[in-house]
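First up is the structure itself, then whatever we jot down about it.
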Amino acid sequence: MKDLAKIRVEHGLSQKDMAKIFNVSDAQVCRIETGQRVMTLAQYGMMIKALNLTHEMQNQLIEEAIANAKPQRVRKKKARE
(Lines give C-alpha, C1' and ligand atoms only; values in the text may rest on other atoms or scores of the structure.)
Protein backbone atom coordinates (compact mmCIF):
# COMPACT_ATOMS: atom_id res chain seq x y z
CA MET A 1 0.00 0.00 0.00
CA LYS A 2 1.82 3.04 -1.27
CA ASP A 3 -0.24 5.45 0.86
CA LEU A 4 0.67 3.67 4.09
CA ALA A 5 3.97 5.56 4.37
CA LYS A 6 2.15 8.85 3.81
CA ILE A 7 -0.49 8.05 6.43
CA ARG A 8 2.18 6.82 8.84
CA VAL A 9 4.28 9.99 8.47
CA GLU A 10 1.20 12.24 8.78
CA HIS A 11 0.49 10.61 12.14
CA GLY A 12 4.12 10.93 13.26
CA LEU A 13 4.72 7.19 13.39
CA SER A 14 7.79 5.15 12.52
CA GLN A 15 7.74 1.80 10.77
CA LYS A 16 8.39 0.21 14.17
CA ASP A 17 5.29 1.97 15.54
CA MET A 18 3.19 0.63 12.66
CA ALA A 19 4.71 -2.81 13.17
CA LYS A 20 3.45 -2.79 16.77
CA ILE A 21 -0.04 -1.81 15.55
CA PHE A 22 -0.06 -4.65 12.99
CA ASN A 23 1.80 -7.10 15.26
CA VAL A 24 4.41 -7.74 12.54
CA SER A 25 8.07 -6.86 12.00
CA ASP A 26 9.12 -3.42 10.79
CA ALA A 27 10.54 -5.19 7.72
CA GLN A 28 7.03 -6.43 6.98
CA VAL A 29 5.71 -2.85 7.21
CA CYS A 30 8.42 -1.81 4.75
CA ARG A 31 7.28 -4.53 2.32
CA ILE A 32 3.68 -3.35 2.62
CA GLU A 33 4.70 0.26 1.99
CA THR A 34 6.71 -0.66 -1.10
CA GLY A 35 3.95 -2.84 -2.50
CA GLN A 36 5.82 -6.13 -2.10
CA ARG A 37 3.12 -7.37 0.29
CA VAL A 38 -0.58 -6.69 0.53
CA MET A 39 -2.19 -5.70 3.82
CA THR A 40 -4.74 -8.09 5.23
CA LEU A 41 -8.26 -6.89 5.94
CA ALA A 42 -7.48 -7.31 9.63
CA GLN A 43 -4.50 -4.97 9.26
CA TYR A 44 -6.70 -2.38 7.55
CA GLY A 45 -9.06 -2.61 10.50
CA MET A 46 -6.22 -2.29 13.03
CA MET A 47 -4.90 0.78 11.25
CA ILE A 48 -8.30 2.46 11.04
CA LYS A 49 -8.91 1.87 14.74
CA ALA A 50 -5.41 2.81 15.94
CA LEU A 51 -5.08 5.99 13.87
CA ASN A 52 -8.67 7.20 14.31
CA LEU A 53 -8.94 7.91 10.57
CA THR A 54 -11.68 10.06 9.05
CA HIS A 55 -14.66 8.38 7.38
CA GLU A 56 -13.38 9.56 4.02
CA MET A 57 -10.00 7.92 4.60
CA GLN A 58 -11.67 4.79 5.97
CA ASN A 59 -13.78 4.46 2.83
CA GLN A 60 -10.73 5.00 0.64
CA LEU A 61 -8.83 2.29 2.51
CA ILE A 62 -11.75 -0.13 2.33
CA GLU A 63 -12.05 0.41 -1.43
CA GLU A 64 -8.31 -0.17 -1.79
CA ALA A 65 -8.50 -3.32 0.35
CA ILE A 66 -11.26 -4.72 -1.83
CA ALA A 67 -9.39 -3.85 -5.02
CA ASN A 68 -6.19 -5.48 -3.75
CA ALA A 69 -7.81 -8.53 -2.18
CA LYS A 70 -6.53 -11.80 -3.51
CA PRO A 71 -8.90 -14.74 -3.61
CA GLN A 72 -8.06 -17.43 -1.12
CA ARG A 73 -7.24 -20.80 -2.56
CA VAL A 74 -9.71 -23.38 -1.32
CA ARG A 75 -8.22 -26.78 -0.75
CA LYS A 76 -10.37 -29.71 -1.64
CA LYS A 77 -10.62 -32.37 1.01
CA LYS A 78 -9.60 -35.79 -0.13
CA ALA A 79 -12.45 -38.23 -0.19
CA ARG A 80 -12.04 -40.98 2.36
CA GLU A 81 -12.62 -44.49 1.15
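How many of the residues in the range 36-51 are modelled with pLDDT under 85 and outside any helix (DSSP H, G or I)?
3
If I filter the range 61-72 down to residues being free of Cβ contacts under 8 Å to residues at least 12 places away in the same chain and assigned to a helix (DSSP H, G or I), which single residue comes out as surrounded by the fewest Cβ atoms within 10 Å (Cβ to Cβ)? Full working, then the answer.
If we filter the range 61-72 for residues that are free of Cβ contacts under 8 Å to residues at least 12 places away in the same chain, which is where we start, we get 63, 66-67, 71-72.
Among the residues that remain, those that are also assigned to a helix (DSSP H, G or I) are: 63, 66-67.
Numbers: E63: 10, I66: 10, A67: 7.
Selected residue: A67.
Between a residue in the range 8-31 that is under 18 Å from A42 (Cα atoms) and any residue that is of a type in the set (S, T, Y) and not in a helix (DSSP H, G or I), which pairs come within a Cβ distance under 6 Å, given they are 6 or more apart or on different chains?
Going by the 6 Å Cβ cut-off, the qualifying pairs are A19/S25.
List the pairs whose first member sits in the range 43-59 and is basic (K, R), whose second member is part of a helix (DSSP H, G or I), and whose Cβ atoms are under 6 Å apart, counting only residues at least 6 apart or on separate chains?
none
Looking at the range 27-44, is at least one residue loosely packed, with under 14 Cβ neighbours inside 10 Å and acidic (D, E)?
no
The values are calculated or read from the model by the stated rules, or taken from the named source; none is laboratory data. Because the structure is predicted, anything quoted here is derived from the model rather than measured. Neighbour counts run over all protein chains shown; Cβ positions are idealised from the backbone, glycine included.
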